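Below is one structure; the comments refer to it alone.
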Amino acid sequence: MSVRPRKQKRSEVNARILKIHEAIAQKVVNQPELLGQVHQTLEQRYKNKLMRYGSYMLWQSILETFDNPELFKSLLLSDDERTANLRRETIFTGVLSEDERQQILSGLKG
């Protein structure tokens, strides 16, 4: 068993999360009706104090760009550290099926 530096491991996790969010972004753009549950998740987490105001506002600002799919995707998939951290606590739970997630993750191996 090899030991990886924490930074490398975090980078690999962020890469997997980004790949999942690429698929999420495309699915939501193709099926806008999924946005209802996403908004509901955002509001519930904020109401239940599971999310800070700054994260809430950042998610809100990303969702507000949905009418411009390219902008929406670029903001959701931004490679800055703040957005990478935001994706780690995604509000897009339930958008992808477990099979879809596994397909994406298995495509990253090898």
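Would you mind checking the tilt of helix 98-108 against the longest principal axis of the Cα atoms of the chain, expressed as 0 to 90 degrees and rounded to 10?
40
So, for the chain, what is the accessible surface per residue at a probe of 1.4 Å, expressed in square angstrom?
Spelled out: the 1.4 Å probe surface of the chain, per residue, equals 68 Å².
In the chain, what percent of the accessible surface is made up of carbon and sulfur (1.4 Å probe, ligands and nucleic acids excluded)?
Looking at the chain in its full context, I get 50 percent from C and S.
Helix-derived [θ] at 222 nm for the chain: sum -39500 (n - 2.57) over DSSP H runs of at least 4, divide by residue count, nearest 500?
Counting only the DSSP helices, I get -22000 deg cm²/dmol.
Provide the net charge surrounding Arg52, with neighbours chosen by a C-beta distance below 14 Å and charges set as Lys +1, Arg +1, Asp -1, Glu -1.
Here the charged neighbours net out to +4.
What FRET efficiency comes out for the pair Arg101/Asn68, r = Cβ-Cβ distance, R0 = 25 Å, nearest 0.05?
0.40
Label Lys7 and Glu89 with points 7 Å out from Cα along Cα→Cβ: what is the distance between them in nm?
Taking the two extended label points, one gets 2.5 nm.
How much length, in nm to one decimal, is gained on full extension between Ala15 and Ser78, taken as 0.36 nm per residue of separation minus their Cα-Cα distance?
Taking Ala15 through Ser78 to full extension adds about 21.5 nm, to one decimal.
Angle between the Cα long axis of helix 35-47 and the longest principal axis of the chain, 0 to 90 degrees, nearest 10?
So the helix axis and the longest Cα principal axis differ by about 90 degrees.
Quick one: compute the contact order of the chain, relative version, from alpha carbon pairs under 8 angstrom and 6+ residues apart, as a percent.
Relative contact order of the chain: 41 percent.
Taking Cα atoms of the chain, Rg/Rh with Kirkwood Rh, to two decimals?
Ratio value, two decimals: 0.98.
Using only Cα atoms, locate the centre of segment 4-32 and the centre of segment 62-104, then give the distance between them in Å, rounded to an integer.
8
Can you give the three extents of the C-alpha atoms in segment 62-110 along their principal axes, from longest to shortest, in whole Å?
Taking max minus min along each principal axis of the Cα atoms, segment 62-110 gives 32, 23, 19 Å.
Using Cα atoms only, what is the angle between the long axis of helix 6-30 and the major principal axis of the chain, expressed in degrees (0 to 90) to the nearest 10?
Roughly 40 degrees, rounded to the nearest 10.
The values are calculated or read from the model by the stated rules, or taken from the named source; none is laboratory data. These numbers were taken from a predicted model, which means no experiment stands behind them. Don't worry about glycine lacking a Cβ; one is built from the backbone with ideal geometry, like all the others, and counts go over all protein chains shown. SASA here: full protein model, heavy atoms, side chains in, ligands and nucleic acids out. Shrake-Rupley method; radii C 1.70, N 1.55, O 1.52, S 1.80 Å.
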